[in-house]
Structure formats: structure tokens, C-alpha cells
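Worksheet for the structure shown next.
Bear in mind that the values in this text are calculations on the coordinates, not laboratory data. These numbers come from a predicted model, not from an experiment. Cβ atoms come from the backbone with ideal geometry, glycine included; neighbour counts cover every protein chain shown.
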Amino acid sequence: MEMASTRQLGAEYGRIRTELGADAWLYGTATTKEFTGFRKPQLKETAEVPEGDFIAYAGAGFYYVSVDTKGEIGWESGIWKASGRPDAHVIEVLTESTLPAYKAYLRRIGVSYMICGKENLDCRAAAEKLAQHFGIEKVLVCGGGTLGAGGLYLNYRTRG
């Protein structure tokens, strides 16, 4: 039996990911750090940041959702671009315990963020806010073992 190459497996994963037709891809901190070249966020001492969520842009055709409760990702802008993938507006999922300086940094570069939990991630709140703020109904969770999903497909529809 011949083993498939990494390239072949990657292409098949990409095909399935596209076929599922999600509104957003969700990744954890570890995978997103790889995608952003392990850049550190450029934090500055800051005045108070308003409480609650920050919506930089809600009309994108596609979204990159990053679960980053400790505020470690060094984004360059609010748009994630990668070869062979659609451009996506970035949404960070944070908690109340995320540093205000990190929230100010995200605001400065145009990355949306949602507060979902006090110190630990509240997945239900995240799903509800993705639908409410951005109209996202289908999320493909693409993270690895740390996020604990590895390809889980969520279809969230608001009720009411």
C-alpha cells in the first residue's frame, strides 16, 4: 500500500474544507502562531479600553476566528491572507482577563474581538456572538490537538 504524500493529504484537506462551505475557520493559538510567523503583538502602554466586544468590520464574506484568550498573536492587520485561501477578516476570541493593552493593539490594527468568558473560554457565548455580530452560521474548527477539535464542523443557527 502506497502512503499518500503530505502534499496530497494537504490538498485533500483543503478540498474538504472548501466543500463544507463554512462562513469562518476557527483556529487556536498554537496554529495561528504558526500562520503569523510567531510574531509578537506590539503592545503599548494604553489608557482604558472600553469594555465589551469590538467589531472592526462585520461585512466580510469570510472570517478567520482565533481563540487567543491570553492575547499572544501578533497580527499585522485585520485581514488574514494566505496563498490558496480566501482573504478573511480576523476575529479574536478573548476573555475578560485578556490584557487591556492587547485589546488596544487589536483595535489599532483593525482586528475584531469578542469577550467570551471571565478567565476561561465560554464556547456557547462565542458561537452566539459569531452569529449575532457577524452573521456566521457555519464554522469549521480547524485547530489541532490543543484546541481539541481537529476538523470538527459546527453549524450554529440562531433561534427566534
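Looking only at residues of segment 94-113 that are among the basic types (Lys, Arg) and out of contact with any strand residue (DSSP E or B) (no Cβ under 6 Å at 6 or more places or on another chain), we find that the one that is surrounded by the fewest Cβ atoms within 10 Å (Cβ to Cβ) is Arg108. Scanning segment 45-79 for residues that are among the aromatic types (Phe, Trp, Tyr) and over 20 Å from Ala125 (Cβ atoms) yields Tyr57, Phe62, Trp75.
Counting only residues that are in a helix (DSSP H, G or I), in contact (Cβ under 8 Å) with a residue 40 or more places away in the chain and out of contact with any His (no Cβ under 9 Å at 6 or more places or on another chain), segment 127-144 holds 3 of them.
Checking the stated criteria, Leu26 turns out not to satisfy the condition of being under 15 Å from His133 (Cβ atoms), touching a Pro at 6+ places or on another chain (Cβ under 9 Å) and buried (at least 20 other Cβ atoms within 10 Å of the Cβ).
Listed here are the residues, each with its yes/no results for (1) in contact with a Leu (Cβ under 7 Å, 6 or more places away or on another chain); (2) within 19 Å of Glu34 (Cα to Cα); (3) among the aliphatic types (A, V, I, L, M).
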| position | (1), (2), (3) |
| --- | --- |
| Gly74 | no, yes, no |
| Gly84 | no, yes, no |
| Ala88 | no, yes, yes |
| Glu92 | yes, yes, no |
| Ser97 | no, no, no |
| Pro100 | no, no, no |
| Tyr105 | yes, no, no |
| Arg108 | no, no, no |
| Gly117 | no, no, no |
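Has segment 30-40 got at least one residue that is within 12 Å of the chain's Cα centre (by Cα) and in a strand (DSSP E or B)? There is no residue in segment 30-40 that is within 12 Å of the chain's Cα centre (by Cα) and in a strand (DSSP E or B).
Each residue in segment 59-87 was checked for being farther than 13 Å from Ala24 by Cα, in contact with a Pro (Cβ under 6 Å, 6 or more places away or on another chain) and aromatic (Phe, Trp, Tyr), and 0 pass.
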